[in-house]
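The values are calculated or read from the model by the stated rules, or taken from the named source; none is laboratory data. Because the structure is a prediction, the values reported are computed rather than measured. Note that each Cβ is placed from the backbone with ideal geometry, even for glycine, and that neighbours are counted across all protein chains shown. Areas reflect the complete protein model, heavy atoms only, side chains present, ligands, DNA and RNA absent. Shrake-Rupley method; radii C 1.70, N 1.55, O 1.52, S 1.80 Å.
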Amino acid sequence: MASALSDTEIALAAVVTAIACRGRSVWLGLAVVAGIVAVRWLARLPANRRLVVLLASLAVLGSMRSGQAWAELAPSRLGAFDGYVRVVDDPQPYQAATRVIVEVEGERFELWARGRARQIRVRTWRGGQMVRMAGDRVRHRPDRVGWVAWQHVVGEFRIDWASDVLAGGPLDRASNRVRVAIERGASVLPPDDAALFRGLVVGDDRDQPRAMIERFRASGLSHLTAVSGQNVSFVLAAAGPLLISLRPWWRWAATLALVGWFVSLTRFEPSIVRAGAMAAISATAYATGRDRAPARVLCLAVTVLLFIDPLLVRSIGFWLSVGATGGVTVVGPWLVRQLAVLGRLATPLGITLGAQVGVAVPSVLVFGRLPLVSVPANLLAVPVAGFVMLYGLPAGIVAGAVPWLAQPLMFPARIGVRWVDSVSLVAERVNPTGAWQLVGWAGLVVGVGAIAAMNRSRHDCASAHR
């Protein structure tokens, strides 16, 4: 069916699915259906029964899937537990505690470790490991449920003690070995640089100091430490010579396996899941001779992922990733054409501005800010961060496996990481605030409009002289 749908229809399907998944029952889906019919009638749109049926079906089915997902957040078992639990993700340190999600008898609970000794122990755990522990399973406070819903957490596990740790399944063991190798390779860097390096390469931001996290947010560069499509593209590019040598369907299978491995390595973060889904759809479209325009692939990925996991609609990381990708693939190319008079600067500036347009709404609604300095900061930091991502994964693995090569291998990565961090530091200091920020954005919009007008005027003059 996807091949018979236009880009606009696929985009509408993604939007309707996202709206339907925001609810917790079928009633929202029915309301969306009524809205679709009302808009079609009021606007007197031409009859398109196929589209109306498709959107209505997605609205109802999406809201039903969402209701089912919310129902599954009610814990089926509470009370005391003594046995092995599975560590779902790497522990996340906070100021006074360490948080880790554990899977107890098939249900996810968040565990908060407090006290220095207990936190030191918990921070040694890794995603996929099995830990013997005893404790109590309790319900979440009502105000906490919505915050952790996208992680499928059903309650809190209050730990009494923990003892034996088992390695976990084959894929978990393989992922952890790679992450350990990268950590070992990055250990030759200063601690802050090592933490940023791991964030750029595999999205591991556990050891980044609070000041670093804040300045990356203030400078609009925090997306660099959340692995996404750029990382997936670099991994596929690095494997390109091997993939190209394979027959088409073997290449398709190897591409999907490689993407799946990298998604597992980066702990199934929403942004990387979105990027992995897009890569899988694009590879499948290429293998079958279908259209694989980025915007079309993005909308298909959003629709498919929200049907698989409707609670993703609650993840701000997912929407920032979707928004940035939409801005880069839809708004960015249009801006590049409008800014063509700038020559080589047109492409990086247009793509950067497109990404900022894409993340504007979720950034302002959730974080209450859209830093003006993010435009020059991204222009200066993204190319170097891209080098670190491309070079850092193989270099970190080799440096971890061959310690005597670590210093020379990691030196280029150290220079790149220092540059990216320095850009964030300077950007945070010079970023205007308050009314000056609004004046700056207004000036930027006026400037882009003036350049676009100049570009159109030049194009018109060139056409007149032909």
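The table below gives the values:
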read-out	value
Filter pass, Ser321 being in contact (Cβ under 8 Å) with a residue 60 or more places away in the chain and touching a Ser or Thr at 6+ places or on another chain (Cβ under 6 Å)	yes
The stretch 185-203 residues that are farther than 14 Å from Arg418 by Cβ, paired with ones that are of a type in the set (A, V, I, L, M) and outside any helix (DSSP H, G or I) (beta carbon under 7 Å, 6 or more apart)	Val202/Val227; Gly203/Ala226; Gly203/Val227
The listed residue being open to solvent by 20 Å² or more (accessible area, probe 1.4 Å), out of contact with any strand residue (DSSP E or B) (no Cβ under 7 Å at 6 or more places or on another chain) and among the β-branched types (Val, Ile, Thr), out of Val201, Val145, Val165	Val145
Tyr84, sole failed condition from (1) modelled with pLDDT under 95; (2) open to solvent by 10 Å² or more (accessible area, probe 1.4 Å); (3) aromatic (Phe, Trp, Tyr)	(1)
Odd one out for Val297 among (1) within 23 Å of Ala59 (Cα to Cα); (2) not in a helix (DSSP H, G or I)	(2)
In the stretch 96-126, the residues that are under 23 Å from Arg77 (Cα atoms) and not β-branched (Val, Ile, Thr)	Arg99, Glu103, Glu105, Gly106, Glu107, Arg108, Phe109, Glu110, Leu111, Trp112, Ala113
Residues located in the stretch 208-220, provided they are closer than 21 Å to Pro270 by Cβ and surrounded by fewer than 24 Cβ atoms within 10 Å (Cβ to Cβ)	Gln208, Ile213, Arg217
Among the residues listed as Arg158, Arg173, the single one being open to solvent by 30 Å² or more (accessible area, probe 1.4 Å), in a helix (DSSP H, G or I) and of a type in the set (D, E, K, R)	Arg173
The stretch 362-387 residues that are free of Cβ contacts under 8 Å to residues at least 24 places away in the same chain, paired with ones that are not in a helix (DSSP H, G or I) (beta carbon under 6 Å, 6 or more apart)	Val364/Leu370
Some residue of the stretch 377-395 being within 30 Å of Asn231 (Cα to Cα), open to solvent by 40 Å² or more (accessible area, probe 1.4 Å) and not in a helix (DSSP H, G or I)	no
Qualifying positions in the stretch 233-280 - β-branched (Val, Ile, Thr) and not in a helix (DSSP H, G or I)	Thr266
Conditions (1) among the hydroxyl-bearing types (Ser, Thr, Tyr); (2) open to solvent by 10 Å² or more (accessible area, probe 1.4 Å); (3) within 24 Å of the chain's Cα centre (by Cα); (4) under 24 Å from Leu166 (Cα atoms): number failed by Thr98	(2)
Long-range neighbours under 6 Å by Cβ, at least six apart or interchain, first residue within 19 Å of Gln151 (Cα to Cα) within the stretch 111-122, second modelled with pLDDT of 90 or more and not acidic (Asp, Glu)	Leu111/Val100; Leu111/Val102; Leu111/Phe157; Leu111/Ile159; Trp112/Ala97; Trp112/Arg99; Ala113/Thr98; Ala113/Val122
Qualifying residue in the stretch 243-256 (condition: within 14 Å of the chain's Cα centre (by Cα) and buried (at least 21 other Cβ atoms within 10 Å of the Cβ))	no
Where Pro371 falls short, out of the listed (1) touching a Ser or Thr at 6+ places or on another chain (Cβ under 8 Å); (2) assigned to a loop (DSSP other than H, G, I, E, B); (3) open to solvent by 60 Å² or more (accessible area, probe 1.4 Å); (4) not small (Gly, Ala, Ser)	(3)
The stretch 409-451, subset surrounded by 15 or more Cβ atoms within 10 Å (Cβ to Cβ) and of a type in the set (Lys, Arg), residue nearest to Ala346 (Cα to Cα)	Arg418
Within the stretch 343-368, tally of residues that are in a helix (DSSP H, G or I) and open to solvent by 50 Å² or more (accessible area, probe 1.4 Å)	11
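Conditions tested, residue by residue: (1) more than 30 Å from the chain's Cα centre (by Cα); (2) open to solvent by 30 Å² or more (accessible area, probe 1.4 Å); (3) modelled with pLDDT of 90 or more.
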| position | (1), (2), (3) |
| --- | --- |
| Ala43 | yes, yes, no |
| Ala69 | no, no, yes |
| Glu110 | no, no, yes |
| Gln119 | no, no, no |
